[in-house]
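Take a look at the structure set out below.
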Amino acid sequence: MTSLKKFTIIITLALTGSAMAADNYEPPRTASGKPDLQGFWTNASLTTMQRSNTYEELGLTIPLEQLGNLTANHHQNVRQATDDNQVAGELPDGKDLGRGRGYNAFWVDPGSAFGLVKGEYRTSWITYPENGRIPYSEEGNQLRRDNRAQFSGNDGPEGRALGERCLIGFGSTGGPPMNNVLYNNMYQIVQTDDYVMIMVEMVHDARIIPIDADHRPDVFKPWLGDSIAWWDGDVLVVETTKLHPQQAARNSAALSDQGKVIERFSRYSDDQILYEFEVTDSTYYAEAWSGEMSFNATDTKPYEYACHEGNYGLPGILAGARRLEMDEQ
């Protein structure tokens, strides 16, 4: 059986099961009657936050007749299939390191299928604007450049990016909104009547969110923001403000003091949580933008992410800068 036929069969079965689960689905509930969101989940997927130019003509939804071919020929799946085809005893020439080959395919786990959201395979998590792109304003783009320049220096560890320093995850895995990256796309949710905790695999971030509580005073600007939650029927709504200002240098969803993110979590089926989000911040964006993502249940538990273990990159960068300074004297 060809790879394309295998993808088609798997896709058809997944789509049928998802559509059936969405009709009149009754979620599992906690002792207090709230939908039970607890468990281990993953958002690993070929779908990304913003729509690639490759899928610009398709729009949001991938037609089923094209899905198998697009999946089989996606560069991540091709990479997984061909990355080990190297000549024994010969070292790679390094020409492709600039395209993300700092890790070979064995070490990354971005997912092998496009995201299935409400019975549709998606080209992007962003649903509005319709082009699937984050609507940065001109001023917002300039702020992003300034923020990144602030954290690309070599004077000390404080001048490096937060992920390099193992403070919070790379690429907005912890959110908000939470995003998928090349690996470590697992989450654990634990809830009580008063709190919900979302543990993020990447750099061991944890969001501890009080339910039916007030925001903390403005002086507090924690990593991942100041979040509060409440139940809207069977949907858990989370509102986040006051992200730590250094988070503005990350890869997606910069947020100023005036910004706000609304997230909505609902059980879509036994195997999926529907995750919806909206970002509003006139400092960075020309308009509010929003999207949808599926978190899929998994029996696998996340391993410890020991970010500092064997992490010679950060001291190496700083040591290299000091050596260059000495050579210039």
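Each reported figure results from applying straightforward, stated rules to the coordinates on display, with no laboratory input. Everything numeric in this text was worked out from a predicted model, so none of it was measured. Backbone-built Cβ (ideal geometry, glycine too); neighbour counts: all protein chains shown.
Apply the Karplus parameterisation 6.51 cos²θ - 1.76 cosθ + 1.60, with θ equal to phi minus 60°, to every residue of the range 223-235 and state each ³J(HN,Hα) to the nearest whole Hz, in sequence, with x for glycine and proline.
In residue order, the calculated couplings are 4, 6, x, 9, 10, 10, 9, 7, 8, 10, x, 9, 10 Hz.
Set the Förster radius R0 to 35 Å, insert the Cβ-Cβ distance between residue 303 and residue 83 as r into 1/(1 + (r/R0)^6), and round the FRET efficiency to 0.05. Provide the component values of the computation, followed by the final result.
Numbers: r = 22 Å, r/R0 = 0.62.
Rounded to the nearest 0.05, the efficiency is 0.95.
Using the alpha-carbon centroid of each, what span in Å lies between the range 126-185 and the range 204-230?
So the two Cα centres are separated by 20 Å.
Given labels modelled 7 Å from the Cα in the Cβ direction, how far is it in nm from residue 26 to residue 56?
4.9 nm
Full-extension gain between residue 282 and residue 155, please, as 0.36 nm times their residue separation minus the C-alpha to C-alpha distance.
42.5 nm is the gain from fully extending residue 282 to residue 155.
Largest first and in whole Å, what are the equivalent-ellipsoid semi-axes of the range 143-252 based on the Cα gyration tensor, each being the root of 5 times an eigenvalue? Don't skip to the end; give the middle numbers.
Numbers: eigenvalues 147, 53, 25 Å².
Here the semi-axes work out to 27, 16, 11 Å.
Under unit Cβ charges (Lys, Arg +1; Asp, Glu -1), what dipole magnitude, rounded to 20 debye, does the range 147-242 have relative to its Cα centre?
Using only the charged Cβ atoms, the result is roughly 500 debye.
Residue 210: net charge of surrounding residues, Cβ under 14 Å, Lys/Arg +1, Asp/Glu -1, itself excluded? Don't jump to the answer; show the numbers that get you there.
Details: positive: 207, 216; negative: 193, 194, 212, 214, 226, 239.
Every neighbour counted, the sum reads -4.
Points 7 angstrom from Cα along the Cβ direction at residue 212 and residue 107: gap in nanometres?
4.8 nm
Nearest 0.05, what FRET efficiency do residue 325 and residue 220 give at R0 = 45 Å with Cβ-Cβ as r?
0.75
Scanning the chain for helices, which whole DSSP H stretches are 27 Å or more long along the axis (Cα) and average -0.5 or more by Kyte-Doolittle? Walk me through the numbers before you get to the answer.
Values: long enough: 3-22 (29 Å, 1.25).
TM-like helix candidates: 3-22.
What ranking do 301, 118 get, fewest neighbouring Cβ atoms within 10 angstrom at the top? Working shown, then result.
Numbers: 301 9, 118 13.
The order, fewest Cβ neighbours first, is 301, 118.
Considering Cα pairs under 8 angstrom that are at least six residues apart, work out the relative contact order of the range 121-235 and quote it in whole percent.
Numbers: 128 pairs, mean separation 16.2, N = 115.
Relative contact order comes out at 14 percent.
Can you tell me the alpha carbon radius of gyration of the chain divided by the globular rule-of-thumb value 2.2 N^0.38 Å? Could you put the intermediate results ahead of the total?
Details: Rg = 21.1 Å, N = 329, 2.2 N^0.38 = 19.9 Å.
Rg over 2.2 N^0.38 Å, computed on Cα atoms: 1.06.
Can you compute the charge dipole magnitude of the chain about its Cα centre, using +1 on each Lys and Arg Cβ and -1 on each Asp and Glu Cβ, nothing else charged? Give it in debye, rounded to the nearest 20. List each step's numbers first, then the result.
Values: 28 positive and 46 negative charges, 116 e Å.
That gives the chain a dipole magnitude of about 560 debye.
Would you mind calculating the gained length between residue 146 and residue 232 on full extension (0.36 nm times residue separation, minus the Cα-Cα distance), in nm to one decimal?
Numbers: separation 86, 0.36 × 86 = 30.96 nm, distance 3.86 nm.
Computed gain between residue 146 and residue 232 is 27.1 nm.
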